[in-house]
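What follows is one structure encoded as structure tokens, with my remarks underneath.
Each reported figure results from applying straightforward, stated rules to the coordinates on display, with no laboratory input. All values reported here derive from a predicted model rather than from experimental measurement. A quick note on method: Cβ atoms are made from the backbone with ideal geometry, for glycine too, and the neighbour counts reach across all protein chains shown.
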Amino acid sequence: MTPKSFVNLGAVALLSALLAIVAFAANNPWSTGRSGGEKLMPGLADTIRQVAGLEVRQGEESVVLERSADGRWSLKSRGGYPADAAKVRALLVGLGQAELVEAKTSKTDRYGALELEDPEPKGAKSRLVRLLGADGKAISEVVLGKKRFAGYGSNQPGGTYVRRPGNPQAWLANIEVDAPAGAKDWVKTAVLSLDSTKIARISIEIPGEQPLKIERPAPAAAAKDAKQDAKDGKLPESVKAGGKTVSPAPEPGKLAFVAFPSEGKKLKDAAAAESLARAIASIDLEDVRKLATPPAVDGVSLFRVESTDGLKATLRVRKEGDAHWLAVTGITGEGDAKKSAEEIAGRTQGWEFRIPSSKAEAILKKRSDLVEAAGS
């Protein structure tokens, strides 16, 4: 190798090294190179039982939880609705175990990339978490940013970006911490969870609309109706089976509308009754509040549901602005359904639940939504 070639190779190697350093710096602009090891919230693991409250704020959303003397958690900011204690415990344990493993930026103009900006303004992605004592004062607080997932096949650790209020230094903590500011994220979201195959009948009353009724015929009645339909020629086109021409019988026991649709109309969807039943049988909440006394009655839609095992429920839905609020105003059960009815009553009586708009659209069906001209 000539001296000139050796010099050229050396220059190439040096240039490659410089490019590698620049690339690394470009991909890690918030790392200071400092390592941590201290606890995010020192002493919390030992004093976790002293935490009497929890507050999470993110922009315009906020939720405040409190622990009662008997250890039960509830949403103080939602009138004391029961919280899911497992979710609260998971956050407190995670915060108590979290360690600061890698120092990041201390420049406020770089917080946004880590979602550690000021959590107060509308649209903020960061979350302020405050742990409160029995006197309502903060025991500890932290701003949580986005999560960093562990690099596949590399030594890059996963965790959550964090910073302490009043301290400009941002860190990567070694645990993925979940602390949402929405009420639904701290409770068991099911308002109603029924087996739709056991629904026997539904009645729907929407203001300004004719009531709708849905029923599931008893097995004997369904078989009788199938025979009559075959006799009247109302079944689908005949098919060959076993060398004979037969008409396929409809499945017995399917939910169907009573005295609907009217003459000259047909259902857009033959399974519309079953779809409505499934929509009503499973309803989750987005938010919750105390039921007003006396409850508002303007613009209220009523649903009455009965199941084959003895459960009877009355639901009311009303619109307030763009939101739909649902309340279970009555529920009883006999036999096997008694325990289920008592459980639902315990969770829902005295409360009103905001439900997703998509769910409201699925259950607030008008006749005009369900039918079309028979010839179309």
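Find the relative contact order for the range 31-184 and round it to a whole percent, using C-alpha pairs within less than 8 Å whose residues are 6+ positions apart. Kindly include the intermediate steps, with their values, before the conclusion.
Numbers: 353 pairs, mean separation 42.5, N = 154.
It comes to 28 percent, rounded to a whole number.
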Given H placed 1.01 Å from N in the peptide plane, which residues other than close sequence neighbours of Ala52 have an amide H under 5 Å from its amide H? Leu132, Gly133, Ala134
Mean projected area, convex hull of alpha-carbon positions in the range 150-220, reported to one decimal in nm², is 12.6
Given the convex hull over the Cα atoms of the range 31-184, what projected area results after averaging over all orientations, in nm²? 9.6
According to a simple spin-label model (label point 7 Å from Cα along Cα-to-Cβ), what is the distance in nm between Ser193 and Ala374? 4.4
